[in-house]
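*Asks:* Got a structure for you, written out below as structure tokens; questions coming shortly.
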Amino acid sequence: MTKLLATTAALALMAGSAAHAQEADWSGLYVGAHAGYTSNDSSDDETLRFDTSLDGVFTDTVRTAAGANAFSPGFCGGAATSSLPGSGCKEDDEGFEFGARLGYDWQFGGFVLGPVVERSRTNVKDSVAGFSTTPAQYTFERKLKGLAALRLRGGYAFGDNLLYATGGVAQGDVQHSFTTTNTANTFVQRGDDTATGYQFGGGYERKLTPDVTLGLEYL
């Protein structure tokens, strides 16, 4: 997953004067807010995997009573719209993101380095569906509802401008759900979980005043 933050700020970043460029100081504590758009990686080749032997290895084939592949109609990377694969699947949702951040920077000459903590809310969905010969559909869905991140950012400041790279750990709030048209099967319908991963990217920030900055960031 990637997210592009504050894309509408791009035109405003080049405005203003750098008359006090030599006096700009990026050191110190800062708080801020961010808003942007979150996109989901394309996943057209997603499938369901099975462990019929209960040995912890998900490489088995589900068979019908006659021994045929019960999921021979196939799979799709999205939510099924009916029990028949020919009806297609809905595309995964992308969405907007907003949140707050807290950080501290130290400046060493032209170099700026410091940690940043961020908390975001979003709503991105990823689904995968399988179709059985019953016929029936089985759709598993997960939604990323929020993100918490601890990153380090470092870059180079030239006057009122800062170019930087950033990276660190992130934890997502994930909601799982399951739906099927096969009423003979029972599964836990919904559940909440967390997923831990990483973030990396870069950005550009400009001082509008000695105490206010505006930036563009990609993660």
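The values are calculated or read from the model by the stated rules, or taken from the named source; none is laboratory data. Computed from a predicted model, the values in this text were never measured in an experiment. Note that we place each Cβ from the backbone using ideal geometry, even for glycine, and neighbour counts take in every protein chain shown. Just so you know, the surface numbers come from the protein's heavy atoms only, side chains and all, with ligands and any DNA or RNA stripped out. Shrake-Rupley method; radii C 1.70, N 1.55, O 1.52, S 1.80 Å.
*Asks:* Can you pull out the residues in segment 23-42 that are open to solvent by 30 Å² or more (accessible area, probe 1.4 Å) and part of a loop (DSSP other than H, G, I, E, B)?
*Replies:* Correct list: Asp25, Ser27, Asn40, Asp41, Ser42.
*Asks:* Can you name every residue in segment 173-195 that is within 30 Å of Glu217 (Cα to Cα), β-branched (Val, Ile, Thr) and open to solvent by 60 Å² or more (accessible area, probe 1.4 Å)? Full working, then the answer.
*Replies:* Filtering segment 173-195 down to residues within 30 Å of Glu217 (Cα to Cα) leaves 173-176, 192-195.
In the following step, the residues that additionally are β-branched (Val, Ile, Thr) were identified as 174, 194.
The answer is Thr194, and nothing else.
*Asks:* Of the residues Tyr218, Tyr156, Tyr198, only one is exposed (fewer than 14 other Cβ atoms within 10 Å of the Cβ) and within 21 Å of the chain's Cα centre (by Cα); which?
*Replies:* Details: Tyr218 fails: exposed (fewer than 14 other Cβ atoms within 10 Å of the Cβ); Tyr156 fails: within 21 Å of the chain's Cα centre (by Cα).
Of the residues listed, the single one that is exposed (fewer than 14 other Cβ atoms within 10 Å of the Cβ) and within 21 Å of the chain's Cα centre (by Cα) is Tyr198.
*Asks:* Could you list, ordered by first residue, the pairs with Cβ atoms under 8 Å in which the first is in segment 173-193 and closer than 21 Å to Phe71 by Cα and the second is open to solvent by 40 Å² or more (accessible area, probe 1.4 Å) and modelled with pLDDT under 85, at least 6 apart or interchain?
*Replies:* Ser177/Gln189; Ser177/Arg190; Phe178/Phe187; Phe178/Val188; Phe178/Gln189; Phe178/Arg190; Thr179/Gln189; Thr180/Phe187
*Asks:* Of all residues being loosely packed, with under 14 Cβ neighbours inside 10 Å and not aromatic (Phe, Trp, Tyr) in segment 89-107, which is nearest to Tyr218 (Cα to Cα)? Just the residue, please. Show your work before the answer.
*Replies:* Let us first name the residues in segment 89-107 that are loosely packed, with under 14 Cβ neighbours inside 10 Å, namely 96, 98, 100, 102, 104, 106.
So of that shortlist, the ones also not aromatic (Phe, Trp, Tyr) come out as 100, 102.
On the way: Ala100: 16, Leu102: 17 Å.
The extreme case among them is Ala100.
*Asks:* Right, something else. In segment 119-130, which residues are over 13 Å from Thr38 (Cβ atoms) and either open to solvent by less than 10 Å² (accessible area, probe 1.4 Å) or touching a Pro at 6+ places or on another chain (Cβ under 8 Å) (or both)?
*Replies:* Filtering segment 119-130 for residues over 13 Å from Thr38 (Cβ atoms) gives 119, 127-130.
Passing the criteria: Ser127, Ala129, Gly130.
*Asks:* Can you name the residue in segment 71-81 that is more than 13 Å from Phe140 (Cβ to Cβ) and surrounded by 14 or more Cβ atoms within 10 Å (Cβ to Cβ) and, of all such residues, is modelled with the lowest pLDDT? First the steps, then the outcome.
*Replies:* Pass one, segment 71-81, residues more than 13 Å from Phe140 (Cβ to Cβ): 71-74, 81.
Now restrict to residues that are surrounded by 14 or more Cβ atoms within 10 Å (Cβ to Cβ): 71, 73, 81.
Details: Phe71: 95, Pro73: 94, Thr81: 91.
Looking at residues that are more than 13 Å from Phe140 (Cβ to Cβ) and surrounded by 14 or more Cβ atoms within 10 Å (Cβ to Cβ), I get Thr81.
*Asks:* Listed residues Gly167, Gly109, Gly202, Gly172; which is of a type in the set (Gly, Ala, Ser) and over 30 Å from Asp45 (Cβ atoms)?
*Replies:* On the way: Gly167 fails: over 30 Å from Asp45 (Cβ atoms); Gly202 fails: over 30 Å from Asp45 (Cβ atoms); Gly172 fails: over 30 Å from Asp45 (Cβ atoms).
Selected residue: Gly109, the only one of Gly167, Gly109, Gly202, Gly172 that is of a type in the set (Gly, Ala, Ser) and over 30 Å from Asp45 (Cβ atoms).
*Asks:* Next up: Please work out if Val62 is open to solvent by 60 Å² or more (accessible area, probe 1.4 Å), at pLDDT 90 or above and not hydroxyl-bearing (Ser, Thr, Tyr). So that I can check it myself, show each step before the final result.
*Replies:* Values: open to solvent by 60 Å² or more (accessible area, probe 1.4 Å): no; at pLDDT 90 or above: yes; not hydroxyl-bearing (Ser, Thr, Tyr): yes.
Spelling it out, it is not the case that Val62 is open to solvent by 60 Å² or more (accessible area, probe 1.4 Å), at pLDDT 90 or above and not hydroxyl-bearing (Ser, Thr, Tyr).
*Asks:* Go through segment 159-172 residue by residue and tally those that are farther than 15 Å from Trp26 by Cα and open to solvent by less than 40 Å² (accessible area, probe 1.4 Å).
*Replies:* Looking only at that region, the number is 5.
*Asks:* Can you find, within segment 87-115, the residue that is modelled with the highest pLDDT among those that are within 18 Å of the chain's Cα centre (by Cα) and among the hydrophobic types (A, V, I, L, M, F, W, C)?
*Replies:* Among residues in segment 87-115 that are within 18 Å of the chain's Cα centre (by Cα) and among the hydrophobic types (A, V, I, L, M, F, W, C), the one modelled with the highest pLDDT is Ala100.
*Asks:* OK, next. For segment 170-192, give me each residue that is modelled with pLDDT under 90 and more than 18 Å from Leu48 (Cα to Cα).
*Replies:* Thr183, Ala184, Gly191, Asp192
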